[in-house]
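Asks: The structure is given below, and queries will be raised subsequently.
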Amino acid sequence: MRLLHTSDWHIGRSLHGTDLLAEQEAVLSGLAAVVSAESVDVVLVAGDVYDRAVPSADATAVLSRVVARLRRAGAEVVLTPGNHDSARRLGTFSELLAAGGLHVRAETRNLDEPVLLADEHGEVAIYGLPFLEPEVARHELGLTGGPAAGKSHEAVLREAMDRVRSDLFLRPDTRSVVLAHAFVGGGVPSESERDICVGGVDLVPAPVFDGVDYVALGHLHRPQTLSPRMRYSGSPMAYSFGEAGQQKQVWLVDLDAAGLAEVRPVALPTPRRLTVLTGELADLLSDPAHAAAEEHFVSARLTDAARPVDPMRRLQARFPHCVHLEWTGAGATTDGLSYQERLKGRSALDVAGEFVRHVRGVPASAAERELLSRALAAADRAEVRG
């Protein structure tokens with residue numbers, strides 16, 4: 001049996017406010033070509049199907065079209081909700097959808113009931129673990145024996161895997177696959193993941209998943225291998241400029257009669273690359289070396305000593321897909337004091353002058369200070385008349 005391991009589709013995600021649905025549909029629809037070319041039997045989606053619990057109508061339409069293409073290409077589809085999804089919403093009509101080849105495993109109480117598929121070597125049990133929010137899942141799993149019982153992601157996943165292994169014990173000679181959405185020890189996060197707790201609270205040790213042939217992980221957006229049988233596929237697209245230049249991929253997983261036989265990557269296309277440009281505004285607008293970036297999503301880091309006037313509009317004249325702007329010039333730094341501390345004891349004119357310096361990175365000129373002085377005097381007169 002051949003499986004295609006994917007995760008973190010995040011349908012409906014935007015990039016600094018720019019809609020990505022067209023790019024997402026292009027990449028995800030391309031998975032159907034992989035299914036056809038590689039004779040894939042099952043497509044796995046290990047969580048974060050949508051980017052939010054209540055997806056837009058356009059986002060749900062994209063998922064519907066993508067799944068339809070995968071089914072027409074000949075693959076069954078097994079997906080689980082991640083921390084961005086609403087498990088209850090995603091699991092609506094799951095029994096009816098299963099009859100059409102889309103298997104949504106969204107109920108915690110049924111996580112030890114696998115999708116059973118067969119090939120010439122027998123059955124393969126695919127267990128989809130929905131994202132287990134500890135405070136909720138511990139009650140659904142009966143972990144309420146003490147004040148700390150089940151209050152970590154490790155605790156609820158350990159209980160979930162114990163149930164999976166108990167079910168597998170009753171299925172001798174059945175090969176097994178687990179989908180899980182978790183931050184597993186050894187994984188390297190990216191900038192675009194959200195809701196990863198600090199301090200190791202959500203970290204799950206890899207041995208929790210012992211006892212199955214392959215673990216298809218989701219949650220981290222960088223493709224990576226924790227062990228030959230445990231991998232993150234990563235997101236199909238880059239969702240932050242920290243992932244610029246990262247080759248996105250999925251995993252082709254082959255199971256033979258003995259279990260896991262081979263895993264190999266399949267590179268995904270990039271509809272629109274992400275590029276970070278650094279330099280002074282005039283150079284970015286004129287340097288021919290940046291010609292290729294005119295078709296990319298661009299994040300510009302301006303190093304001008306003074307904040308340029310209307311920089312985003314000017315950048316978008318050359319780079320229509322510039323979506324992020326950061327000014328990193330010398331004037332962007334402060335002396336370490338808060339804004340309130342730097343203004344303490346100053347006159348209204350000094351405060352206004354400090355605001356100009358803070359925003360532009362250079363002090364107000366003598367003519368500008370005179371104009372500010374007249375404006376402040378006029379405001380004082382108006383206040384007295386009032």
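The values are calculated or read from the model by the stated rules, or taken from the named source; none is laboratory data. None of these values were measured; they are calculated from a predicted model. For neighbour counting, all protein chains shown are included, and Cβ atoms are generated from backbone atoms with ideal geometry for every residue, glycine included.
Asks: Residues to consider are LEU44, LEU3; find the one that is touching a residue at least 40 places away in the same chain (Cβ under 8 Å), touching a Ser or Thr at 6+ places or on another chain (Cβ under 8 Å), closer than 25 Å to VAL266 by Cα and not in a helix (DSSP H, G or I).
Replies: Details: LEU3 fails: touching a Ser or Thr at 6+ places or on another chain (Cβ under 8 Å).
Of LEU44, LEU3, the one residue that is touching a residue at least 40 places away in the same chain (Cβ under 8 Å), touching a Ser or Thr at 6+ places or on another chain (Cβ under 8 Å), closer than 25 Å to VAL266 by Cα and not in a helix (DSSP H, G or I) is LEU44.
Asks: Are any residues in segment 47-59 closer than 11 Å to GLY12 by Cβ and in contact (Cβ under 8 Å) with a residue 40 or more places away in the chain, and if so, which ones?
Replies: Of the residues in segment 47-59, the ones closer than 11 Å to GLY12 by Cβ are 48-59.
Residues satisfying the conditions are ASP48, VAL49, TYR50, ASP51, ARG52, PRO55, SER56, ASP58, ALA59.
Asks: For segment 70-83, what are the residues that are touching a residue at least 40 places away in the same chain (Cβ under 8 Å) and in contact with a Gly (Cβ under 9 Å, 6 or more places away or on another chain)? Write out each step before concluding.
Replies: Within segment 70-83, the first condition is being touching a residue at least 40 places away in the same chain (Cβ under 8 Å), and the residues that meet it are 72-73, 75-76, 78-83.
Answer for segment 70-83, where residues must be touching a residue at least 40 places away in the same chain (Cβ under 8 Å) and in contact with a Gly (Cβ under 9 Å, 6 or more places away or on another chain): ALA75, GLU76, VAL78, LEU79, THR80, PRO81, GLY82, ASN83.
Asks: Every residue in segment 271-298 that is under 24 Å from ALA238 (Cβ atoms) and in a loop (DSSP other than H, G, I, E, B), please. Give the steps one after another, and end with the answer.
Replies: Within segment 271-298, the subset under 24 Å from ALA238 (Cβ atoms) is 271-279, 284, 287, 289-298.
Answer for segment 271-298, where residues must be under 24 Å from ALA238 (Cβ atoms) and in a loop (DSSP other than H, G, I, E, B): PRO271, ARG272, ARG273, ASP287, HIS296.
Asks: Okay, moving on. Scan (1) in contact with a helix residue (DSSP H, G or I) (Cβ under 9 Å, 6 or more places away or on another chain); (2) crowded, with 17+ Cβ neighbours inside 10 Å for the single condition SER233 breaks and write down its number.
Replies: So SER233 meets the others, but not (1).
Asks: Please go through segment 113-138 and pick out each residue that is surrounded by fewer than 21 Cβ atoms within 10 Å (Cβ to Cβ) and modelled with pLDDT of 95 or more.
Replies: GLU113, VAL115, LEU116, LEU117, ALA118, ASP119, GLU120, HIS121, GLY122, GLU123
Asks: Turning to a different aspect of this structure: Against the definition (of a type in the set (S, T, N, Q), out of contact with any Leu (no Cβ under 7 Å at 6 or more places or on another chain) and crowded, with 16+ Cβ neighbours inside 10 Å), how does SER152 come out, yes or no? So that I can check it myself, show each step before the final result.
Replies: Numbers: of a type in the set (S, T, N, Q): yes; out of contact with any Leu (no Cβ under 7 Å at 6 or more places or on another chain): yes; crowded, with 16+ Cβ neighbours inside 10 Å: yes.
Yes, satisfied.
Asks: Further question on the same structure: Quick check, is GLU107 in contact with a helix residue (DSSP H, G or I) (Cβ under 9 Å, 6 or more places away or on another chain), assigned by TED's automatic domain parsing to the domain that holds VAL40 and under 19 Å from ASP48 (Cβ atoms)? Explain how you work it out, then say what you get.
Replies: Details: in contact with a helix residue (DSSP H, G or I) (Cβ under 9 Å, 6 or more places away or on another chain): yes; assigned by TED's automatic domain parsing to the domain that holds VAL40: yes; under 19 Å from ASP48 (Cβ atoms): yes.
So GLU107 fits the description; yes.
Asks: Further question on the same structure: Does any residue of segment 245-256 turn out to be modelled with pLDDT under 95, farther than 28 Å from GLU326 by Cβ and assigned by TED's automatic domain parsing to the domain that holds ILE126?
Replies: The first filter runs over segment 245-256 and keeps only residues modelled with pLDDT under 95, leaving 245-247.
With farther than 28 Å from GLU326 by Cβ added as a condition, the list becomes none.
Within segment 245-256, not a single residue is modelled with pLDDT under 95, farther than 28 Å from GLU326 by Cβ and assigned by TED's automatic domain parsing to the domain that holds ILE126.
Asks: Tally up the residues in segment 217-266 that are part of a strand (DSSP E or B) and farther than 21 Å from ASP41 by Cβ, please.
Replies: Here the count works out to 5.
Results for (1) in the same structural domain as ARG171 (by TED's automatic domain parsing); (2) in contact (Cβ under 8 Å) with a residue 24 or more places away in the chain; (3) within 23 Å of the chain's Cα centre (by Cα); (4) over 24 Å from LEU255 (Cα atoms), shown as yes or no for each residue.
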| site | (1), (2), (3), (4) |
| --- | --- |
| ARG88 | yes, no, yes, yes |
| SER94 | yes, no, no, yes |
| HIS103 | yes, yes, yes, no |
| ASP119 | yes, yes, no, no |
| GLU123 | yes, yes, no, no |
| PHE131 | yes, yes, yes, yes |
| GLU140 | yes, yes, no, yes |
| ALA149 | yes, no, no, yes |
| SER152 | yes, yes, yes, yes |
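Asks: Can you find, within segment 52-88, the residue that is nearest to ALA216 (Cα to Cα) among those that are modelled with pLDDT under 95 and outside any loop (DSSP other than H, G, I, E, B)?
Replies: ALA87
Asks: Moving on. Picking from ARG307, ARG301, which residue would you name as being in a loop (DSSP other than H, G, I, E, B), surrounded by fewer than 18 Cβ atoms within 10 Å (Cβ to Cβ) and not assigned by TED's automatic domain parsing to the domain that holds ARG231? Before the answer, list the steps.
Replies: Working: ARG301 fails: in a loop (DSSP other than H, G, I, E, B).
When all the criteria are applied, what remains is ARG307.
Asks: Now for a separate question. Residues that are modelled with pLDDT of 75 or more, over 46 Å from the mean Cα position of the chain (by Cα) and farther than 30 Å from PHE241 by Cα: does segment 349-362 have at least one?
Replies: Within segment 349-362, one or more residues are modelled with pLDDT of 75 or more, over 46 Å from the mean Cα position of the chain (by Cα) and farther than 30 Å from PHE241 by Cα.
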